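These notes are about the structure you will find just below.
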Amino acid sequence: MGVAHAPGAFVAHTGTDAYGPGKVIGVDGEHRRVRFVYFVATIRASDLRTASDDETAQVRKWLRRKQERYGGRW
């Protein structure tokens, strides 16, 4: 059985869009560390859902711009 919302998964919060969509960057038990478009936060996995295709595209575009501007891995 795989880990729900494993690192690299594109996700969104189930209760609010204040964070914007994001990408899971870490797992700690029930919690996921997520680089959202507007914040980096630790969220319970049960409070996340798989990002839609549009949300995934938004995160990929945002990450690409950050990498172009600052380099490194985002």
Checklist entry - Which of (1) in contact with a Gly (Cβ under 9 Å, 6 or more places away or on another chain); (2) touching a residue at least 40 places away in the same chain (Cβ under 8 Å) is the odd one out, the single condition residue 56 does not satisfy? => result (1)
Checklist entry - Of all residues in the stretch 23-66, which are open to solvent by 100 Å² or more (accessible area, probe 1.4 Å), in contact with a Ser or Thr (Cβ under 9 Å, 6 or more places away or on another chain) and not in a strand (DSSP E or B)? => result 30
Item to check | Qualifying positions in the stretch 9-22 - open to solvent by less than 70 Å² (accessible area, probe 1.4 Å), over 22 Å from residue 73 (Cα atoms) and part of a loop (DSSP other than H, G, I, E, B) | outcome: 15, 16, 18
Checklist entry - If residue 5 satisfies every condition in (1) part of a loop (DSSP other than H, G, I, E, B); (2) surrounded by fewer than 18 Cβ atoms within 10 Å (Cβ to Cβ) but one, which is the exception? => result (2)
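The values are calculated or read from the model by the stated rules, or taken from the named source; none is laboratory data. Being a predicted model, the structure only gives us computed values, none of them experimental. A quick note on method: Cβ atoms are made from the backbone with ideal geometry, for glycine too, and the neighbour counts reach across all protein chains shown. Side chains are part of the model used for accessible areas, which takes the heavy atoms of the whole protein and leaves out ligands, DNA and RNA. Shrake-Rupley method; radii C 1.70, N 1.55, O 1.52, S 1.80 Å.
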